[in-house]
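The values are calculated or read from the model by the stated rules, or taken from the named source; none is laboratory data. As the structure is a computational prediction, the values presented were derived from the model and not from experiment. Cβ atoms come from the backbone with ideal geometry, glycine included; neighbour counts cover every protein chain shown. Heavy atoms of the whole protein, side chains included, go into the accessibility calculation; ligands, DNA and RNA do not. Shrake-Rupley method; radii C 1.70, N 1.55, O 1.52, S 1.80 Å.
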There are 2 protein chains.
Amino acid sequence: MSELVTIPARRGKAAFVEKGRDIRLINTHGHQIVDTWAFSRNDLHEFMSMEHCRGTLASLRPRVGHSLVTNRRRPILTLIEDTTPGVHDTLIAACDRYRYELLGCTEYHDNCTDNLASAMRELGLTAPETPCPFNIFQNTPPDPVSGEISFLPAPAGPGQYVTLRAEMDLVIAFSCCPQDIVPVNGPDGGKPTEAHFQLL
Amino acid sequence: MSELVTIPARRGKAAFVEKGRDIRLINTHGHQIVDTWAFSRNDLHEFMSMEHCRGTLASLRPRVGHSLVTNRRRPILTLIEDTTPGVHDTLIAACDRYRYELLGCTEYHDNCTDNLASAMRELGLTAPETPCPFNIFQNTPPDPVSGEISFLPAPAGPGQYVTLRAEMDLVIAFSCCPQDIVPVNGPDGGKPTEAHFQLL
């Protein structure tokens with residue numbers, strides 16, 4: 001088991017993971033959304049794709065036992081364990097500077113899109129695009145009747161985690177979502193915190 | 001009003017559209033899904049993005065009056081008219097050769113991903129990626145309770161249409177979905193047909 005790796009609050013972190021290895025993502029302080037991406041180690045143009053996952057799983061909601069697939073419809077990560085209430089999102093784009101400008105920010109605001117780029121850069125890599133992330137722990141459910149999406153506090157408690165199995169050699173990237181205007185990062189109004197991951 | 005342009009059965013077609021112009025997409029024979037993309041004319045890296053639309057609209061389902069936005073969260077197309085039952089999809093990736101391989105095809109099968117590339121090529125353009133399309137007329141609703149997605153026949157009848165207003169100079173691309181294995185293109189088991197569009 002490797003050491004715990006910190007995903008700093010409001011920042012991203014990426015790592016190489018070999019096929020067959022398990023990655024545990026821990027909601028250290030609770031209620032923190034972690035945007036998650038995975039890219040094939042051999043070809044970064046193949047990556048985990050939410051629109052392909054929803055089609056392949058025929059579901060909005062990945063559950064334990066489900067394999068998330070790439071834009072070439074190959075399994076890349078399998079959700080093998082989930083000690084949280086099981087609330088995650090596949091629908092919403094990573095936050096970006098345009099999002100924060102529309103929310104009224106006049107100065108730079110940390111954002112998951114830039115965090116992906118920075119995290120990949122630390123490994124000497126450039127993501128070919130910003131795929132829609134798997135927003136682990138994010139609570140943005142569509143209304144059953146109207147289809148309207150609510151932005152609610154993440155319910156995962158401190159220390160709760162998910163474990164993902166690498167189905168190919170891959171690069172995984174995480175971003176501790178810095179959203180502090182819309183209260184999605186916790187019931188206290190959304191205070192972004194660090195999270196951790198560990199290769200098992 | 002321009003002439004009717006044919007989107008051949010199982011194929012794609014793209015066109016330049018000026019800001020302020022309206023585009024009518026007609027389900028000529030009924031029950032045909034048309035995957036739809038839009039790219040900024042000035043920078044093809046800015047394009048209509050379903051994951052950004054869902055966030056900005058806070059909804060799974062674009063309705064008349066809604067503006068679809070780009071990956072830079074700017075309006076690119078507004079749905080101004082819809083004579084169909086209003087059933088469209090923002091969730092499912094364009095079909096591709098991997099999809100048909102998994103469905104058992106051993107030879108090449110037409111697919112919306114390749115149709116986008118071909119349609120853009122006819123205009124001398126290359127899309128930087130295959131964004132998740134706005135699947136106009138597609139009936140793939142998530143179950144209110146389980147989140148499971150059903151693949152159902154498209155309900156739009158012959159001659160029914162949607163009209164979209166261009167909010168910037170753009171390239172629009174359509175693909176008459178060639179899906180004939182999963183019965184989504186109509187109640188007869190899914191026989192792909194042509195559709196038409198017109199610049200008003």
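Would you check which residues across the range B:3-24 are surrounded by fewer than 23 Cβ atoms within 10 Å (Cβ to Cβ) and under 28 Å from B:K191 (Cα atoms) and list them? The answer is B:E3, B:L4, B:V5, B:T6, B:P8, B:A9, B:R10, B:R11, B:A15, B:R24. Here the range B:83-99 is the region considered, the condition is being touching an Asp or Glu at 6+ places or on another chain (Cβ under 9 Å) and facing another protein chain (nearest Cβ under 10 Å), and the residue that is surrounded by the fewest Cβ atoms within 10 Å (Cβ to Cβ) is B:R97.
If you scan the range B:152-185, which residues turn out to be more than 17 Å from the chain's Cα centre (by Cα), within 14 Å of chain A (Cβ to nearest Cβ) and open to solvent by 50 Å² or more (accessible area, probe 1.4 Å)? Passing the criteria: only B:I181. Go through the residues of the range B:120-128 one by one and say whether even a single one is facing chain A (nearest Cβ under 9 Å), open to solvent by 20 Å² or more (accessible area, probe 1.4 Å) and touching an Asp or Glu at 6+ places or on another chain (Cβ under 8 Å). Taking every residue of the range B:120-128 in turn, at least one turns out to be facing chain A (nearest Cβ under 9 Å), open to solvent by 20 Å² or more (accessible area, probe 1.4 Å) and touching an Asp or Glu at 6+ places or on another chain (Cβ under 8 Å). Taking the stated definitions as given, is B:L102 away from chain A (no Cβ under 11 Å), free of Cβ contacts under 8 Å to residues at least 40 places away in the same chain and aliphatic (A, V, I, L, M)? Considered against the rule, which asks whether it is away from chain A (no Cβ under 11 Å), free of Cβ contacts under 8 Å to residues at least 40 places away in the same chain and aliphatic (A, V, I, L, M), B:L102 comes out as no. Of the residues in the range B:143-151, none is within 15 Å of B:R63 (Cβ to Cβ), within 12 Å of another protein chain (Cβ to nearest Cβ) and polar (S, T, N, Q).
If we scan the range A:129-137, do we find a residue that is assigned to a loop (DSSP other than H, G, I, E, B), over 14 Å from the mean Cα position of the chain (by Cα) and within 14 Å of chain B (Cβ to nearest Cβ)?
As a first pass, look at the range A:129-137 and keep what is assigned to a loop (DSSP other than H, G, I, E, B): A:129-133, A:137.
Checking the rest, the ones that are also over 14 Å from the mean Cα position of the chain (by Cα) come to A:129.
Okay, now just the ones that are also within 14 Å of chain B (Cβ to nearest Cβ), so A:129.
Checked against the condition, which is being assigned to a loop (DSSP other than H, G, I, E, B), over 14 Å from the mean Cα position of the chain (by Cα) and within 14 Å of chain B (Cβ to nearest Cβ), the range A:129-137 yields at least one hit.
Residue under question is B:I80, and the condition is that it be at pLDDT 95 or above, in a strand (DSSP E or B), open to solvent by 40 Å² or more (accessible area, probe 1.4 Å) and within 30 Å of A:P144 (Cβ to Cβ); does it hold? Considered against the rule, which asks whether it is at pLDDT 95 or above, in a strand (DSSP E or B), open to solvent by 40 Å² or more (accessible area, probe 1.4 Å) and within 30 Å of A:P144 (Cβ to Cβ), B:I80 comes out as yes. Considering the conditions (1) among the hydroxyl-bearing types (S, T, Y); (2) touching a residue at least 60 places away in the same chain (Cβ under 8 Å); (3) farther than 23 Å from A:V184 by Cα, A:T56 is excluded by exactly one of them, (2). Count of the range B:37-75 residues, restricted to those that are within 26 Å of B:L125 (Cβ to Cβ), open to solvent by less than 10 Å² (accessible area, probe 1.4 Å) and within 8 Å of chain A (Cβ to nearest Cβ), is 2.
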